Amino acid sequence: MIRSLATGVLLAVATLVPTTPVSAAPVVPDAPSAPAAETPVSINGQLRVCGTKLCNQHGQPVQLRGMSTHGIQWYSQCVKTASLDALAYDWNADILRISLYVQEGGYETDPRRFTDMVHGYIEEATRRGMYALVDWHQLDPGDPNYNLSLAKTFFTEIADRHKNKNNIIYDIANEPNNVSWAGIKSYAEQMVPVIRAKDPDSVIFVGTHGWASLGVSDGRSEADIVNNPVNASNLMYTFHFYAASHQQVYFDALSRAADKLPLFVTEFGTQTYTGDGGNDFTWSQKYLDFLASKKIGWTNWNFSDDFRSGAVFKQNVCAGNNFTGTSVLKPAGVWVRDRIRTPDNFRTPVG
Ligand code: IDC
């Protein structure tokens with residue numbers, strides 16, 4: 001990623017950060033005399049959808065790369081000062097996906113508490129110059145309309161509180177399943193105006209049918225969306241893949257859709273769709289090369305120390321305060337950290 005360094009002072013700050021004992025203080029001192037270090041948000045500013053791409057404040061397509069939290073009702077211990085410092089300054093991530101489950105002990109059990117957690121994580125991402133992707137992680141039941149009134153309440157408050165920030169992206173449905181594309185479209189057309197009433201220039205994501213497979217897992221395809229898109233601007237459709245399970249079939253859908261629909265990969269794993277099992281780094285690399293070539297952004301599942309192979313940290317790492325380097329990582333974590341760390345080319349216009 002960037003944080004290209006304009007001065008020796010900034011170079012010193014940046015080189016020290018990963019090895020300095022973690023503190024709660026902002027890494028970049030708030031000193032008006034010193035130029036601010038560059039961050040993904042300071043370079044790119046407010047994003048907007050332009051054609052099928054996500055563009056920065058200068059109208060240039062950008063690819064954002066980062067991590068998704070695990071469900072914050074389970075793994076909030078992995079989302080703290082030291083781990084977020086590692087994500088921003090050691091992994092050099094551009095974006096943090098904040099995964100708010102609705103069911104399974106999530107939002108519906110205590111809306112106030114979970115909304116406040118999301119507010120807090122947004123502030124932490126913002127402080128570190130990362131984009132904050134607010135993920136309404138509906139999953140079971142799969143029809144997002146089931147949670148419509150909860151979603152309206154939640155997003156109204158989130159959008160109202162953070163409308164003056166330039167780094168918020170709203171994902172209104174993680175993985176719709178057992179619901180038709182028409183049902184998702186109807187949900188989206190009710191939710192988009194709710195968010196835009198508070199935050200008019202925001203980018204909004206919506207999950208696609210068949211667990212964000214562009215319909216493939218339902219025996220459908222991206223044609224459902226292409227022929228009947230959500231009636232809203234500044235909107236992207238999400239696609240998820242788990243490389244060891246999905247291989248060629250999902251890859252083909254992704255490649256067909258990439259030039260037709262604005263896409264963002266809000267979840268992927270190098271293993272199977274259980275988030276566990278062996279890694280298929282060959283297929284994973286093939287997907288990531290394709291996403292890079294199309295400047296399609298992604299967040300990997302997930303930034304936790306869950307026992308599964310797709311949780312990047314070894315078990316019990318989150319109990320401590322050391323999250324930097326590779327010794328704390330499982331193989332999937334080592335692999336994805338390397339791929340997030342490769343430099344961004346935010347300043348390189350594409351044709
Ligand atoms: C998994 C979690 C696991 C949890 C399960 C059910 O890793 O701890 O018990 O969800 O909630 C998805 C989902 C995501 C899944 C992930 C891995 O969006 O919630 O996480 N996955 O199975 N889609 C495809 C894979």
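The values are calculated or read from the model by the stated rules, or taken from the named source; none is laboratory data. Quantities reported herein were computed from a predicted structural model and do not represent experimental measurements. For neighbour counting, all protein chains shown are included, and Cβ atoms are generated from backbone atoms with ideal geometry for every residue, glycine included. Just so you know, the surface numbers come from the protein's heavy atoms only, side chains and all, with ligands and any DNA or RNA stripped out. Shrake-Rupley method; radii C 1.70, N 1.55, O 1.52, S 1.80 Å.
For the chain, the number of Lys pairs with C-alpha atoms closer than 16 Å, counting only pairs eight or more positions apart or on separate chains, is 13.
Amide H contacts for CYS50 (H built 1.01 Å from N in the peptide plane; partners 5 or more residues away or on another chain; cut-off under 5 Å): CYS55.
Scalar couplings 3J(HN,Hα) for the range 170-181, obtained by applying the Karplus form with A = 6.51, B = -1.76, C = 1.60 to θ = phi - 60°, are 10, 10, 8, 7, 4, 9, x, 8, 6, 8, 6, 4 Hz; x denotes Gly and Pro.
State the percentage of accessible surface on the chain attributable to carbon and sulfur atoms; use a 1.4 Å probe and exclude ligands, DNA and RNA. It is 53 percent, rounded to a whole number.
Please list, in chain and number order, the residues 5+ apart from LEU329 or on another chain whose amide H is under 5 Å from its amide H, with Hs placed from the backbone. It is LYS314, by chain and number. In the range 199-351 the Cα-Cα distances spread across 10 Å bins starting at 0 as 10, 37, 33, 17, 3 percent of all pairs.
Here the Debye sum runs over all C-alpha atoms of the chain as equal scatterers in vacuum, and log10 of I(q)/I(0) at q = 0.11, 0.12, 0.13 Å⁻¹ comes out as -0.67, -0.81, -0.97. Neighbours of PHE251 by Cβ distance under 12 Å: Lys/Arg scored +1, Asp/Glu scored -1, total -1. Scalar couplings 3J(HN,Hα) for the range 185-199, obtained by applying the Karplus form with A = 6.51, B = -1.76, C = 1.60 to θ = phi - 60°, are 4, 5, 4, 4, 6, 8, 7, 4, x, 5, 6, 5, 4, 9, 9 Hz; x denotes Gly and Pro. Highest mean packing first, where packing is the average number of other Cβ atoms within 10 Å per residue, the peptides 184-193, 260-269, 49-58 line up as 260-269, 184-193, 49-58.
The residues of the chain present an accessible area of 38 Å² per residue when probed at 1.4 Å with all protein chains retained. Measuring max minus min along each principal axis, the C-alpha atoms of the range 57-160 give extents of 37, 35, 24 Å (largest first).
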